[in-house]
1. Wholly within region 249-336, which helices (runs of 4 or more DSSP H) include no fewer than the required count, namely at least 3 residues that are touching a residue at least 12 places away in the same chain (Cβ under 8 Å) and closer than 18 Å to Val409 by Cβ?
2. Restricting attention to region 474-495, report how many residues are surrounded by fewer than 19 Cβ atoms within 10 Å (Cβ to Cβ) and in contact with a Gly (Cβ under 9 Å, 6 or more places away or on another chain).
3. Take Gly31 and decide whether it is crowded, with 20+ Cβ neighbours inside 10 Å and closer than 30 Å to Thr422 by Cβ.
4. Give me the pairs: first residue in region 177-196 and of a type in the set (Lys, Arg), second residue assigned to a loop (DSSP other than H, G, I, E, B) and surrounded by 24 or more Cβ atoms within 10 Å (Cβ to Cβ), beta-carbon distance under 6 Å, and six or more apart or on different chains, which are they?
5. Could you count how many residues in region 74-129 are polar (S, T, N, Q), touching a residue at least 60 places away in the same chain (Cβ under 8 Å), part of a helix (DSSP H, G or I) and over 20 Å from Ala190 (Cβ atoms)?
6. Hey, any hits in region 39-51 for a residue that's assigned by TED's automatic domain parsing to the domain that holds Phe186, of a type outside the set (A, V, I, L, M), within 19 Å of Arg100 (Cβ to Cβ) and in contact with a Ser or Thr (Cβ under 7 Å, 6 or more places away or on another chain)?
7. Which numbered condition trips up Glu420, out of (1) surrounded by fewer than 22 Cβ atoms within 10 Å (Cβ to Cβ); (2) over 21 Å from the mean Cα position of the chain (by Cα); (3) of a type outside the set (A, V, I, L, M)?
8. Going by what's in this entry, would Gly242 be described as closer than 19 Å to Ala413 by Cα and out of contact with any His (no Cβ under 6 Å at 6 or more places or on another chain)?
Amino acid sequence: MAQGKNRPAIGIRVLLIASAVAFLGFRLAWGIGREDVEPYESPLMMSVARQLVAGPGELYGPYGHTNPLVLIHAPMYYRVSGLLAWPIWKAGLHPVEAARLAGRLVSAVGLLATLAAAYRLGRIGGRSQDAGLWAALLVASCPALDAYPFAVRPDLLGVALQTWGVALTLESIGEDRRRLVAASIFFGLAACVKQHLVVAWGVMIAIATLRGQPRPSSVARLMGPGLATAGLLYAVEAIITGGRLWDSAFVVASGVGRVHPGDGLHVATVLAAVAGKAAGLSAAAVAASALGGAGVGLVGALAGLSIAQVFWPGPWVTTILPALSMAGLAIGLAGCARAGRVEGMLGACLVAELVVVIVLSWSSSGAWINYAIPMIPLASAMIARPMIAAAEGAGWPGQTIVATAVVAVLASAWMDAKVEATRRSAEHRDLARVLETAGVSPSAIVFGDRPSRNRMTGRLDLVFDDWLYPVFESRKLAEPRSRWLGPRIRPEAGVGAVVLESEGDRIEGLPGSLLERGYRRAGRAGRFWVWVGFPGMP
């Protein structure tokens, strides 16, 4: 290829690297700190830490006054994080701090492994190194990853294992079947990190059934080792936890929607949130699908709105951008799926993962954009493969539209960093006002309707997932909060101030109002309402 034809690709590579630095650099800077990077990170952090002091048997209960850290995730991430936290704890760090460092490190390694898998997907079929690099950089630049790459959460580890399973399967089908065994094990391990990460495995089995030669051998290689791996690990966990794993990770997890049901509006909210954060990826998909004049207009609109969101944010942008991005993703990815055999199979996985997001969001109001993360490396590889051909071989019109799309990628990453920095700064100001209004030491302040915040005030005994705990209560798998939490939320118990994020006067799950518990409303501090009290108050 002539040197001149490489110049656009080099420029786009630079823009993609800048996009990845803008997004991941901000998230990493936040992830190094002590504060939660995700609203319910503290309870998960303490679930990792509890293994260090109570042993591995209580990860799934019994839940109540001594262990309110309810959990519905599969165990593998927590076991890996606990093992990594053990030497850090033994070196002298507090168990929770050791868990924070270890858990976030495991997620960061999961991110790196996901980028490596996206690179591998981009290069299947002998594609250039740039195709793999662009796929990895599109993943690293996508704000739909949110805070999860540096959070104590299992998402990125599971996505990494599943994406490697897809990559090895696509490399093997119809060619070298030896990689199917490794792919199967990766799929089995992914299911041990998050229970729902089995859909891509099912799609790959279906493809292997249709294309494998000989078919029974290919399918057996792809199914058997993974099923054996997952079965063995779950069986061992069931023994370690006295059978409580089944109640938490399957019985309760499947019944969350009974307490917190979802609906069509929640599905639309989740899809709009994902699309809004994936505006840059949407522009890249349209640019890669070679849609002609209509595609040029759509890419330009997405780039313009993304830039406007950075410099001139307003309701009109936040309303239009997600809808336009959703349309761009649908049109662009459909075009990319027709680019080749690998792209078509990745498209089949994407459709299956989208169905999972819709079903889970419809079932439970707790489903959020993290369920869409498995789609990001698949979509990025699916886009990068035809996009590099457009940038290097379609002349200046094609190069211009790809460059415009990558500008949208950069603007989207920058927009996310700006929005999150603004939100975090406002929250810090509000918390400072809480301290002033409460007039007590931080250790005497309790957050009543967001108990995960209590880790930062030192009240570790009052940290739990208040959204999930009622689900366990409804199944009689957790001690009612009224028995153990109620006596702790009183002035005479050392709680000098209670902070709520709502204007109400009650803490869910506890009888009586805060006034009846000995507190009076002291005022509002930004988004928070502060109640202060003293022993003996009526």
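The values are calculated or read from the model by the stated rules, or taken from the named source; none is laboratory data. Source: prediction; values computed, not measured. Note: ideal-geometry Cβ built from the backbone for every residue, glycine included; neighbour counts use all protein chains shown.
1. Values: elements: 256-259, 264-277, 279-288, 293-311.
In region 249-336, the matching helices (runs of 4 or more DSSP H) lie at 264-277, 279-288, 293-311.
2. So the first thing to find is which residues in region 474-495 are surrounded by fewer than 19 Cβ atoms within 10 Å (Cβ to Cβ), and the list is 474-476, 480, 482-484, 486-488, 490, 492-494.
Filter again for in contact with a Gly (Cβ under 9 Å, 6 or more places away or on another chain), leaving 474-475, 480, 482-484, 486, 488, 490, 492.
Residues that pass the stated criteria total 10.
3. Details: crowded, with 20+ Cβ neighbours inside 10 Å: yes; closer than 30 Å to Thr422 by Cβ: yes.
Answer is yes for this residue.
4. Pairs found: Lys194/Ala74; Lys194/Pro154.
5. Initial filter on region 74-129 (polar (S, T, N, Q)): 81, 107, 114, 128-129.
From what is left, the residues that are touching a residue at least 60 places away in the same chain (Cβ under 8 Å) are 81, 114, 128.
From what's left, part of a helix (DSSP H, G or I): 81, 114.
From what is left, the residues that are over 20 Å from Ala190 (Cβ atoms) are none.
Within region 74-129, residues that are polar (S, T, N, Q), touching a residue at least 60 places away in the same chain (Cβ under 8 Å), part of a helix (DSSP H, G or I) and over 20 Å from Ala190 (Cβ atoms) number 0.
6. Within region 39-51, the subset assigned by TED's automatic domain parsing to the domain that holds Phe186 is none.
No, because not a single residue in region 39-51 is assigned by TED's automatic domain parsing to the domain that holds Phe186, of a type outside the set (A, V, I, L, M), within 19 Å of Arg100 (Cβ to Cβ) and in contact with a Ser or Thr (Cβ under 7 Å, 6 or more places away or on another chain).
7. Result: Glu420 fails condition (2) only.
8. On the way: closer than 19 Å to Ala413 by Cα: no; out of contact with any His (no Cβ under 6 Å at 6 or more places or on another chain): yes.
No: the conditions fail for Gly242.
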